[in-house]
Amino acid sequence: MNNHTLKLVATDLDGTFLKNDKSISKENLEILNSLGEKGILRVVATGRNLKKTMEVISAEVPFDYIIFSSGSGVYDCLQKKLIYHQNLNQQVVQQIADFLVGLDMNFHLFKPVPENYNCWFHRGSTACSEFERYFDFHLSHSEPMPLDHKLGSEACQFLVVFPDNPGSFNLFKNDLENRFPDVKVVRTSSPLDTGFIWMEIFHQSVSKGNGVKFVCDALQIDPAHTLGIGNDYNDLDLLEFTNYSYLVDNGPQELKERFLCAPSNEESAFAKAIERYID
């Protein structure tokens, strides 16, 4: 590949671009600057909302676009403005909320983009340590669902916590997608490192891959000239969209055989995956 072929690089944050302590390695920052010097677009594609993304990516870290909340929104860093968003509509939100309440499940429901760092929550009658642990870093932005469970609002996404049982997760995922054809159900590993599976429910068009596609379409970039790097199941749409797609060594074993291999996030995986294309 010559220096002028790569046009856009998209990376996940946690477990990929960031080290485990949420810092950025010198190598990753240097290659991010090199990409900018060569006119190659630098894109974050993260499950974090925009507020939480800004907590780990300061204005001095030179990304061009942020695809946040797994593709629910796209933010232009240069113009400092939201350029795309997609929420679940009010009717679907209410139907899913009623369904989950009827099953007595613990879940969080995030308000519409761009205010989706705020959320409602419903606490079922069966205690769940993972559900309670989530409040440790989100309590100030959480409020209980109304007593009548009537929300009257769009929403960005639902978050439902599952024990580490992929079989039961997939059965429930299939049931939800059959009942509610307007949604997409995404699996992700718990960022709290507790072994639970997180189920995220979005509008059917939401994905990191579609977020990158939005940027490519807007700027007339052929996907053949894109590179993506991720570490988990919620990066699948991203890695299936980009032409050169890398999974870091700390990612799930079952995904490694599907993509190119990069070192772990602790070993500057982002820089190592890209350097061969821009030297």
* Structure fact -> Expected vector for segment 42-59, Karplus 3J(HN,Hα) from phi with 6.51, -1.76, 1.60 and θ = phi - 60°, integer Hz, x for Gly and Pro, equals 10, 10, 8, 10, 10, x, 5, 6, 5, 4, 6, 5, 5, 5, 10, 10, 6, 4
* Asked: Hey, in the GNM for the chain with a 10 angstrom Cα cutoff, which one of Leu247, Leu13, Leu171 fluctuates hardest?
  -> Leu171
* Angle, helix 269-278 long axis vs. longest principal axis of the chain, Cα atoms, 0 to 90°, nearest 10? -> 40
* Can you give the angle from 0 to 90° between the axis of helix 166-179 and the longest principal axis of the chain, with both taken from C-alpha atoms, to the nearest 10? -> 70
* Structure fact -> So the angle from the long Cα axis of helix 90-102 to the longest Cα principal axis of the chain, reported in degrees to the nearest 10, equals 60
* Asked: Which whole-number percentage describes the relative contact order of the chain, with Cα contacts under 8 Å and a sequence gap of 6 or more?
  -> 21
* Asked: What shape does segment 170-237 take by its C-alpha gyration tensor, where a ≥ b ≥ c are the square roots of the eigenvalues and a/c under 1.5 counts as rounded, a/b above b/c as prolate, and the rest as oblate?
  -> oblate
* For Lys22, which lysines qualify as cross-link partners when the Cα separation must be under 20 Å and same-chain residues fewer than eight apart are set aside? -> Lys51, Lys52, Lys272
* With a/c under 1.5 counting as rounded, go ahead and sort segment 68-169 into rounded, prolate or oblate using the C-alpha gyration tensor (a ≥ b ≥ c being the square roots of the eigenvalues; past the cut-off, prolate if a/b is larger than b/c, else oblate). => prolate
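According to the square roots a ≥ b ≥ c of the eigenvalues of the Cα gyration tensor, what is the shape class of segment 108-155, taking rounded for a/c under 1.5, prolate for a/b larger than b/c otherwise, and oblate for the remainder?
Cα axes put segment 108-155 in the oblate bin.
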* Select from segment 176-279 those trypsin sites (Lys or Arg not before Pro) which occupy a DSSP coil region and have at most 16 other Cβ atoms within 10 Å, ordered by residue number. => Arg258
* Scanning the chain for GluC sites (Glu not before Pro) in DSSP loops with at most 11 other Cβ atoms within 10 Å, what's the longest stretch left with none? -> 61-256
* To do: As a check on your grasp of the helix formula, calculate [θ] at 222 nm for the chain: sum -39500 (n - 2.57) over DSSP H runs of n ≥ 4, divide by the residue count, round to the nearest 500.
  => -8500 deg cm²/dmol
* To do: Would you list which aspartates and glutamates come within 16 Å of Lys26, measuring only between C-alpha atoms, while excluding same-chain residues fewer than 8 positions from it?
  => Glu60, Glu266, Glu267, Glu275
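No lab work stands behind these numbers, since they all come straight from the coordinates. Since we're looking at a predicted model, the values are computed, not measured. With ideal geometry, Cβ positions are generated from the backbone for all residues, glycine too; neighbour counts draw on all protein chains shown.
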